[in-house]
Amino acid sequence: NFVSAVVPPDEVGVRFNDIGALEYVKRTLNELVILPMRRPELFSHGNLLRPCKGILLFGPPGTGKTLLAKALATEAGANFISITGSILTSKWFGDAEKLTKALFSFANRLAPVIIFVDEVDSLLGARGGAFEHEATRRMRNEFMAAWDGLRSKDSQRILILGATNRPFDLDDAVIRRLPRRIYVDLPDAANRVKILKIFLAQENINSDFKYDELANATEGYSGSDLKNLCVAAAYRPVPELLEEEQKGGTCGTLPILRPLKLDDFIQAK
Ligand code: ATP
């Protein structure tokens with residue numbers, strides 16, 4: 001149970017189409033992971049076309065790194081294993097060798113597989129000098145040794161995908177093992193429109209709703225912030241309807257929530 005999730009590709013439930021914006025990231029992942037996993041024969045000749053062995057997604061919180069990792073598993077037809085750096089180092093002190101062996105032999109059996117290491121900085125971060133816990137150091141060394149062992153055997157079918165909000169906390173040894181680093185940026189206004197359209201696709205929205213006005217009012221919001229805002233805005237008609245019902249105004253009619261308007265989002269901020 002040190003692995004927080006193992007999901008077969010058809011059960012991950014997220015596709016690239018569910019992710020708004022981040023076109024460059026999706027294109028790059030297609031080239032680096034999806035094609036090599038789906039068409040390994042194209043990558044087995046010569047020395048230049050080699051599948052990527054490790055990828056780092058980095059960027060601010062809530063920008064969709066976890067979502068991308070899951071969708072990547074679906075698109076590549078790979079099993080998805082998810083582990084969290086801080087859980088590994090805090091809960092399992094002392095058992096580093098057993099733990100990493102189990103994880104990697106498990107991954108071997110599940111290949112093609114994507115091992116998503118969230119908070120990779122806390123598992124494989126910069127060396128903590130004299131204050132670093134001995135067990136953390138051992139865990140890191142075990143993990144890297146197992147990873148290196150894997151890479152020579154089956155890099156085409158096993159990918160380590162790390163994610164972090166703190167790329168500067170990673171040491172050189174890790175950076176070297178994650179040769180491709182992809183920045184997952186906060187969305188600009190045009191990309192906020194794309195993300196909002198995904199969240200609001202099934203909602204009852206006023207016909208004169210202007211997505212670009214909402215995008216302009218949400219400068220600096222991550223995808224996750226936008227999601228939270230949409231949920232809060234979608235709730236606003238609920239108490240209004242309940243109040244109407246109490247007054248008897250909706251008597252005999254089916255309760256239908258009114259369409260959402262821009263002001264709901266502005267008030268929900
Ligand atoms: P953290 O660094 O804090 O772990 P993260 O970058 O991994 O965050 P996610 O957990 O992938 O971010 O995103 C949180 C939620 O925000 C997602 O489950 C999704 O609902 C929403 N979200 C974020 N970015 C997008 C996007 N580009 N398109 C659609 N939904 C998004």
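Please go through region 31-42 and pick out each residue that is within 12 Å of residue 52 (Cβ to Cβ) and in contact (Cβ under 8 Å) with a residue 24 or more places away in the chain. Break it down into steps so the answer makes sense when it comes.
First pass over region 31-42, keeping only residues within 12 Å of residue 52 (Cβ to Cβ): 31-37.
Residues satisfying the conditions are 32, 33, 34, 36, 37.
Just checking, does region 136-152 include any residue being more than 16 Å from the ligand (Cβ to nearest atom), within 24 Å of residue 73 (Cβ to Cβ), touching a Lys or Arg at 6+ places or on another chain (Cβ under 6 Å) and assigned to a loop (DSSP other than H, G, I, E, B)?
no
Does residue 181 satisfy being exposed (fewer than 13 other Cβ atoms within 10 Å of the Cβ) and among the basic types (Lys, Arg)?
No; evaluated as a whole, the condition is false for this residue.
Would you check which residues across region 175-198 are within 15 Å of the ligand (Cβ to nearest atom), among the charged types (D, E, K, R) and out of contact with any strand residue (DSSP E or B) (no Cβ under 7 Å at 6 or more places or on another chain) and list them?
185, 188, 192, 194, 197
Bear in mind that the values in this text are calculations on the coordinates, not laboratory data. Given the structure is predicted, the values throughout are model-derived calculations rather than measurements. So basically every Cβ, Gly included, is an ideal-geometry build from the backbone, and we count neighbours across all protein chains shown.
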